[in-house]
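Peer 1: Okay, handing you the structure first.
The values are calculated or read from the model by the stated rules, or taken from the named source; none is laboratory data. Remember, it's a predicted structure, so these values are computed and weren't measured experimentally. Here Cβ is always computed from backbone atoms with ideal geometry, including for glycine, and neighbour counts include all displayed protein chains.
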Ligand SMILES: NC(=O)c1ccc[n+]([C@@H]2O[C@H](COP(=O)([O-])OP(=O)(O)OC[C@H]3O[C@@H](n4cnc5c(N)ncnc54)[C@H](O)[C@@H]3O)[C@@H](O)[C@H]2O)c1
């Protein structure tokens, strides 16, 4: 197996986690790391003395690395991704893929035209608990999905370049696309700015996503909440489930619901019958999602797009190719329009 040399651009909070994985994975070599900050590079040199470091990412693009992971602020994703693709590199761009649909689309189209792998870091698409939820929905265990509620809140980290929706909601939107296998047709969003009014950056946001077959999903994201919560509840006609990413038992299936009698002659008969069946812990074979994401990226480089072990028969969209990133940015862009225009419904245009 040939070793694949990897460069990581951006070594703030998230980049070092990518660097760790590429350093530990068999068959990859962390060859370069780049950051504008010399302090961050000094830290990376301590961790990875064998890696080259540079404040100028062009050096990474001019090197012999085959793969580049981009973990810089969102506003820089498009330029870095385009330059990396034009330099012939396979790219893994952190979420969200880009700051606009036009930019994200250009990245995906350029990758298609030039050939390299272009992936977006939708880490939760590689989360085994999300896979368990997706499989339960697909198997019909829950019946018809009525609605989904997603909560992703905690105290901090306040960002200075993007609002809370662009920061946290890409995770929930990518999860929804993955577990439902479809895109919403409309979205609305409202939110609040409380702590830093001068920044005009939303710190709390509520999104409502409307899917074509009537499924409704609500996503609540906040940097201003005392309890860290990463929870998704799926309500189906037969059963319900809760996926709590922080809990030890991450997915719990509830055999609960409400059955309406098929006919009724009296008001008494017209009663809803509540089912309170057992709760079942759904087994999840846990592995670090980011490791699976990095393995998928390298697997796609080795074996061709959509042919890594994670994709296994699920088509290219399953392993978070750039086009999935475009879909998520499409929802975010429509939601942003709604957020700034009083919370009305916006079409998620294709
Ligand atoms: N997948 C996840 O769960 C997850 C989690 C956190 C962050 N992220 C994503 O990772 C990306 C980075 O987020 P972060 O929290 O690490 O931000 P950060 O601000 O902590 O780090 C960004 C780093 O990029 C560096 N940088 C900026 N421009 C550069 C350039 N031209 N060349 C080299 N370095 C440059 C900065 O100096 C900084 O150190 C964002 O897209 C974010 O959404 C993903």
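Peer 1: Working carefully through the options 143, 115, 121, find the one that is modelled with pLDDT of 95 or more and more than 16 Å from the ligand (Cβ to nearest atom).
Peer 2: After ruling out the rest, the residue left standing is 143.
Peer 1: Inside region 179-200, can you point out the residues that are without any contact (Cβ under 8 Å) to a residue 60 or more places away in the chain, surrounded by 15 or more Cβ atoms within 10 Å (Cβ to Cβ) and under 21 Å from the mean Cα position of the chain (by Cα)?
Peer 2: Residues satisfying the conditions are 179, 180.
Peer 1: So residue 115 ticks every box in (1) under 18 Å from residue 296 (Cα atoms); (2) surrounded by 19 or more Cβ atoms within 10 Å (Cβ to Cβ) but one. Which box is left unticked?
Peer 2: So the condition that residue 115 fails would be (2).
Peer 1: Run down 216, 157, 224 and say which single residue is more than 29 Å from residue 70 (Cα to Cα) and either more than 17 Å from the chain's Cα centre (by Cα) or surrounded by fewer than 20 Cβ atoms within 10 Å (Cβ to Cβ) (or both).
Peer 2: 216
Peer 1: Considering only region 177-201, state which residues are away from the ligand (no atom under 16 Å from the Cβ), in contact with a helix residue (DSSP H, G or I) (Cβ under 9 Å, 6 or more places away or on another chain) and either outside the structural domain of residue 223 (by TED's automatic domain parsing) or not in a loop (DSSP other than H, G, I, E, B) (or both).
Peer 2: The answer is 179, 180, 186, 187, 188, 189, 190, 191.
Peer 1: Hey, residue 88 hits all of (1) assigned to a helix (DSSP H, G or I); (2) in contact with a helix residue (DSSP H, G or I) (Cβ under 9 Å, 6 or more places away or on another chain); (3) away from the ligand (no atom under 11 Å from the Cβ) but one; which does it fall short on?
Peer 2: Tallying (1) assigned to a helix (DSSP H, G or I); (2) in contact with a helix residue (DSSP H, G or I) (Cβ under 9 Å, 6 or more places away or on another chain); (3) away from the ligand (no atom under 11 Å from the Cβ), residue 88 fails exactly one: (1).
Peer 1: When region 91-104 is examined, which residues are found to be buried (at least 23 other Cβ atoms within 10 Å of the Cβ) and more than 11 Å from the ligand (Cβ to nearest atom)?
Peer 2: Passing the criteria: 91, 104.
Peer 1: Considering (1) part of a loop (DSSP other than H, G, I, E, B); (2) away from the ligand (no atom under 16 Å from the Cβ); (3) surrounded by fewer than 22 Cβ atoms within 10 Å (Cβ to Cβ), say which one residue 149 fails and leave the rest.
Peer 2: Every listed condition holds for residue 149 apart from (1).
Peer 1: Do any helices (runs of 4 or more DSSP H) lying entirely in region 1-76 carry at least 1 residues that are farther than 22 Å from residue 116 by Cβ and away from the ligand (no atom under 13 Å from the Cβ), and which ones are they? Spell out the reasoning first.
Peer 2: On the way: elements: 15-24, 38-47, 57-62.
The helices (runs of 4 or more DSSP H) meeting that bar are 15-24, 38-47.
Peer 1: Let me ask something else. Are any residues in region 325-349 at pLDDT below 95 and not in a loop (DSSP other than H, G, I, E, B), and if so, which ones?
Peer 2: If the condition is that a residue be at pLDDT below 95 and not in a loop (DSSP other than H, G, I, E, B), then no residue fits.
Results for (1) in contact with a strand residue (DSSP E or B) (Cβ under 8 Å, 6 or more places away or on another chain); (2) within 18 Å of residue 328 (Cβ to Cβ); (3) at pLDDT below 95, shown as yes or no for each residue.
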| position | (1), (2), (3) |
| --- | --- |
| 32 | yes, no, no |
| 36 | no, no, no |
| 39 | no, no, no |
| 45 | yes, no, no |
| 56 | yes, no, no |
| 77 | yes, yes, no |
| 92 | yes, yes, no |
| 134 | no, yes, no |
